[in-house]
1. To the nearest 20 Debye, how big is the dipole of the stretch 19-137 about its Cα centre, given +1 on the beta carbon of each Lys and Arg and -1 on that of each Asp and Glu?
2. Going by a ≥ b ≥ c, the root eigenvalues of the Cα gyration tensor, does the stretch 7-47 fall in the rounded group (a/c under 1.5), the prolate group (a/b larger than b/c) or the oblate group?
3. How large is the Kirkwood hydrodynamic radius of the stretch 1-117, counting all unique pairs of alpha carbons, in Å?
4. Sequence neighbours fewer than 8 away in the same chain don't count; with that in mind, list the aspartates and glutamates whose C-alpha is under 15 Å from K4.
5. Which whole-number percent gives the relative contact order of the chain, counting Cα pairs below 8 Å spaced six or more residues apart?
6. Report the full-extension gain for the segment K66 to N43: residue separation times 0.36 nm, less the Cα-Cα distance, to one decimal in nm.
Amino acid sequence: MKPKFYHFVEHGDSRGKLAVVEPGKDIEFPIRRIYYIYGADSNQRRGFHAHKRLEQVLLCVHGSCKVMLDDGSSRCDVTLDSPTLGLYVGNAMWREMYDFTPDAVLLVLASEPYTEADYIRNYDEFLKYVKRGGQPE
Ligand code: T46
């Protein structure tokens, strides 16, 4: 599987750096929620789920972490270590985040508000969901 990345433009001058993510210009979906993960335990993996509809872009704006993506037929592991590198995580994609550095801040731009019903937390159910082409039973 080939992950999709965004490379956001860095605006820098003598004062420092600034990066912009503008929906409709830099990413395709509207941003309806923003959350961030910090103080993550480097020995613990997070995630272990897929989403039915949600689209997201993950950016490690400080420090670094790794993300494992699984589309039901293949997997890939990605390192996020730059505040201008965004990883697109579409729906029907199993994800696990791991190897957080102590200073890591993982920023997530999400297309939908938080809805527990959108989560698929069981891996076998996820595989069945993918086989059905993302349709409910
Ligand atoms: C994802 C990965 C990358 C909320 O109340 N609202 C929210 O918007 C979110 C994201 C979480 N929460 C609560 C639910 C849990 O009690 O925060 C707690 C931790 O959430 P969770 O265990 O789902 O965190 P991760 O790191 O396993 O997964 C999160 C997102 O939930 C998920 O959509 O794709 O980050």
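None of the figures in this text is laboratory data; all of them are computed from the coordinates on show. What you are looking at is a predicted structure, and each value in this text was computed from that prediction instead of being measured. Cβ: placed from backbone, ideal geometry, glycine included. Neighbour counts: every protein chain shown.
1. With only Lys, Arg, Asp and Glu charged at Cβ, the dipole is about 260 debye.
2. Here the stretch 7-47 falls in the oblate category.
3. Working: mean 1/r = 0.0680 Å⁻¹.
Every distinct Cα pair counted, the radius reaches 14.7 Å.
4. Answer for K4, where 15 Å is the Cα cut-off: D26, E28, E55, D70, D71, D77, listed by chain and number.
5. Once normalised by length, the contact order is 33 percent.
6. Taking K66 through N43 to full extension adds about 7.1 nm, to one decimal.
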